[in-house]
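Q: Mind having a look at this structure? Questions to follow.
Each value in this text was obtained by applying a stated rule to the coordinates, not by laboratory testing. Keep in mind the model is a prediction, meaning the values are calculated, not measured.
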C-alpha cells in the first residue's frame, strides 16, 4: 500500500500498540487509544485503572524517545489482512508543564473527538506526542 493509504488506515484505527524501549533497550508494548494530527500522534494517560500513575511507557520515553506504533487488521480471509507501522520520536507533555499546555489541550480535544469515553471525562495525565517520521505497511494486494 502507498503511504497515503497507510496514514489513513492508521488515523482511522480505534486501537494501536505503542512500542517503547528503556535505556537498556528492553522493549515494552502496550495497547493505546490515540488521535492523529498531521505527523503527530497523541495518546494520553487517562482514567482507566493503572498499576501506578508513573507508567513505564513514560519512563521509557523520557530515557529513550524513539517509539513505534502499530495498527493491524485480521480476518480469517488472509487476503484482507493488513498492518501499518509508524516510527518516530516522542515527547511527554506533562499537565504541569506550562510550555506544553496548548499542545496538550489540543491533543486532549482531538482524543475527545475520536472517543466518546473522553467527553466529560478528559484525560488529566501526561500526553505522549509522537512525531511520525517513517512508515512501513503491508497488505496482500
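Q: Any idea what angle helix 101-114 forms with the longest principal axis of the chain, computed on alpha-carbon atoms, 0 to 90 degrees, nearest 10?
A: Tilt relative to the chain: about 50 degrees.
Q: If you fit an axis through the alpha-carbon atoms of helix 3-12 and take the longest principal axis of the Cα set of the chain, what angle between them do you get, 0 to 90°, nearest 10?
A: Approximately 60 degrees, to the nearest 10.
Q: GNM on the chain, C-alpha springs below 10 Å: top fluctuator among 44, 90, 122?
A: Largest GNM mean-square fluctuation: 122.
Q: In the Gaussian network model of the chain, springs joining C-alpha atoms below 10 Å, which of 46, 98, 77 carries the largest mean-square fluctuation?
A: 77
Q: Helix-only mean residue ellipticity at 222 nm, the chain, DSSP H runs n ≥ 4 weighted -39,500 (n - 2.57), per residue, nearest 500. What is it? Walk me through the numbers on the way to the answer.
A: Working: 3 runs with 32 residues, N = 141.
Computed ellipticity for the chain at 222 nm equals -7000 deg cm²/dmol.
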